[in-house]
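Shown next, in structure tokens, is the structure this report addresses.
What follows draws every value from the coordinates through simple rules; no lab data is involved. All of these numbers come straight from a predicted model, not from anything done at the bench. Backbone-built Cβ (ideal geometry, glycine too); neighbour counts: all protein chains shown.
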Amino acid sequence: MKHFNGKVAAITGAGSGIGRALALELARRGCHLALSDIDEASLAETVVLCEGHGVKVTSCPVDVANRDAVFAWAEDVASEHGKVNLVVNNAGVSLGYDFQAMSYDDFEWLMGINFWGVVHGTKAFLPHLLAADEGHVVNLSSVFGLISVPGQSAYNAAKFAVRGMTESLRMELKGAHSTVSCTTVHPGGVKTNIVRNGRHDETRIAPGTDPAAAFEKIARTTPDQAAQTILRAVERDKRRVVIGTDGKIIDLLSRLPAAIYQGPLAFGARQAERRAAKQG
């Protein structure tokens with residue numbers, strides 16, 4: 001895909017953050033939109049922001065963890081728009097728990113959205129992309145799909161899985177000489193609500209500390225910047241794109257022997273736990 005004018009894009013998690021920024025930028029570029037999010041109010045706000053650019057905008061509240069719901073939405077999108085050229089599996093949540101303290105319910109909740117949601121979206125829309133004879137799959141992984149960190153075992157598991165699945169699919173499509181391709185996206189810290197809307201182990205957080213506020217202080221990349229980077233990667237058919245200066249640093253770390261960075265990360269996690277215990 002060398003341009004987006006006249007194309008049709010389906011985006012999950014379009015109610016805020018990177019999903020909303022992608023929708024707005026694509027609308028400016030003349031791309032028709034099919035938007036979904038589990039938060040109906042936020043989704044409606046995105047629709048209003050995208051209108052007025054001369055493109056068709058449809059929306060549907062979808063829980064990406066629900067396979068039937070995702071497949072039904074994909075069929076509706078193809079019917080309403082006549083084709084689908086781009087799917088962005090962007091919806092995601094955060095979960096901050098040590099592995100031993102994490103419940104199965106929390107683990108399954110995160111995997112249902114961050115991994116299975118991506119699988120459902122890819123499986124549901126791929127036939128429509130192939131039928132359009134020009135298409136692209138964009139799957140959101142994370143820098144935590146490049147390295148693992150303490151307290152993020154479930155998130156790491158999902159994001160590494162997304163990376164592996166998408167890279168395998170890309171090779172399959174290339175081997176079949178398909179007109180459809182795919183890109184894995186590894187954002188660093190992007191100013192979104194993912195931490196604010198996530199689940200966190202309060203025993204690991206020092207009293208009076210707001211994880212979302214702390215994340216916002218270190219997140220340097222805006223959703224608009226992330227959206228521009230992602231669309232440029234699609235235009236260039238890049239296999240992988242890393243977003244943000246912090247993301248690029250982590251990408252470099254991931255190429256080093258694991259012992260070089262895992263030791264300091266484990267030490268930092270222990271120090272944070274001790275500070276939280278003293279203040280608790």
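Pairs only if they're at least six apart or on different chains, beta carbon under 8 angstrom, first in the range 1-13 and free of Cβ contacts under 8 Å to residues at least 60 places away in the same chain and among the small types (Gly, Ala, Ser), second buried (at least 23 other Cβ atoms within 10 Å of the Cβ) and in a loop (DSSP other than H, G, I, E, B); list them, first residue then second.
GLY6/CYS31
Looking at the range 84-122 only, could you name the residues that are of a type in the set (S, T, N, Q) and either farther than 16 Å from VAL195 by Cα or free of Cβ contacts under 8 Å to residues at least 40 places away in the same chain (or both)?
ASN85, ASN89, GLN100, SER103, THR122
Please go through the range 239-265 and give me each residue that is aliphatic (A, V, I, L, M) and touching a helix residue (DSSP H, G or I) at 6+ places or on another chain (Cβ under 6 Å), ordered by number.
VAL241, VAL242, ILE243, ILE250, LEU253, listed by residue number.
Quick check on the range 143-152. Is at least one of its residues assigned to a helix (DSSP H, G or I), free of Cβ contacts under 8 Å to residues at least 24 places away in the same chain and either under 21 Å from GLY17 (Cβ atoms) or in contact with a helix residue (DSSP H, G or I) (Cβ under 9 Å, 6 or more places away or on another chain) (or both)?
We begin by selecting, within the range 143-152, every residue assigned to a helix (DSSP H, G or I); these are 143-145.
So of that shortlist, the ones also free of Cβ contacts under 8 Å to residues at least 24 places away in the same chain come out as 144.
Retained after the next criterion (residues that are either under 21 Å from GLY17 (Cβ atoms) or in contact with a helix residue (DSSP H, G or I) (Cβ under 9 Å, 6 or more places away or on another chain) (or both)): 144.
Yes: one or more hits.
Answer yes if at least one residue in the range 85-96 is touching a Ser or Thr at 6+ places or on another chain (Cβ under 7 Å) and either among the charged types (D, E, K, R) or on the phi > 0 side of the Ramachandran plot (or both), and no otherwise.
no
Before we move on, is ALA9 out of contact with any Ser or Thr (no Cβ under 9 Å at 6 or more places or on another chain) and either under 19 Å from HIS136 (Cα atoms) or buried (at least 23 other Cβ atoms within 10 Å of the Cβ) (or both)?
Against the criterion (out of contact with any Ser or Thr (no Cβ under 9 Å at 6 or more places or on another chain) and either under 19 Å from HIS136 (Cα atoms) or buried (at least 23 other Cβ atoms within 10 Å of the Cβ) (or both)), ALA9 qualifies.
Pull up the range 90-121, narrow it to residues that are in contact with a helix residue (DSSP H, G or I) (Cβ under 7 Å, 6 or more places away or on another chain) and of a type in the set (Ser, Thr, Tyr), then point me to the one that is surrounded by the fewest Cβ atoms within 10 Å (Cβ to Cβ).
TYR97
Would you tally the residues in the range 48-69 being of a type in the set (Val, Ile, Thr) and farther than 14 Å from ALA10 by Cβ?
The number of residues fulfilling the criteria is 1.
Please go through the range 43-89 and pick out each residue that is among the polar types (S, T, N, Q) and surrounded by fewer than 18 Cβ atoms within 10 Å (Cβ to Cβ).
Hits for the range 43-89 are THR58, ASN66, SER79.
Kindly establish whether VAL87 is of a type in the set (Val, Ile, Thr) and not in a helix (DSSP H, G or I).
Answer is yes for this residue.
Consider ASP76 against the criteria (1) assigned to a helix (DSSP H, G or I); (2) in contact with a strand residue (DSSP E or B) (Cβ under 6 Å, 6 or more places away or on another chain): it satisfies all of them except one. Which criterion is unmet?
Every listed condition holds for ASP76 apart from (2).
Does VAL55 fit the bill of being free of Cβ contacts under 8 Å to residues at least 60 places away in the same chain, in a loop (DSSP other than H, G, I, E, B), touching a strand residue (DSSP E or B) at 6+ places or on another chain (Cβ under 8 Å) and not small (Gly, Ala, Ser)?
Taking the combined requirement at face value, the residue satisfies it.
Filter the range 153-178 for residues that are of a type outside the set (Ser, Thr, Tyr), under 17 Å from MET102 (Cβ atoms) and surrounded by 21 or more Cβ atoms within 10 Å (Cβ to Cβ) and give the result.
ALA154, ALA158, LYS159
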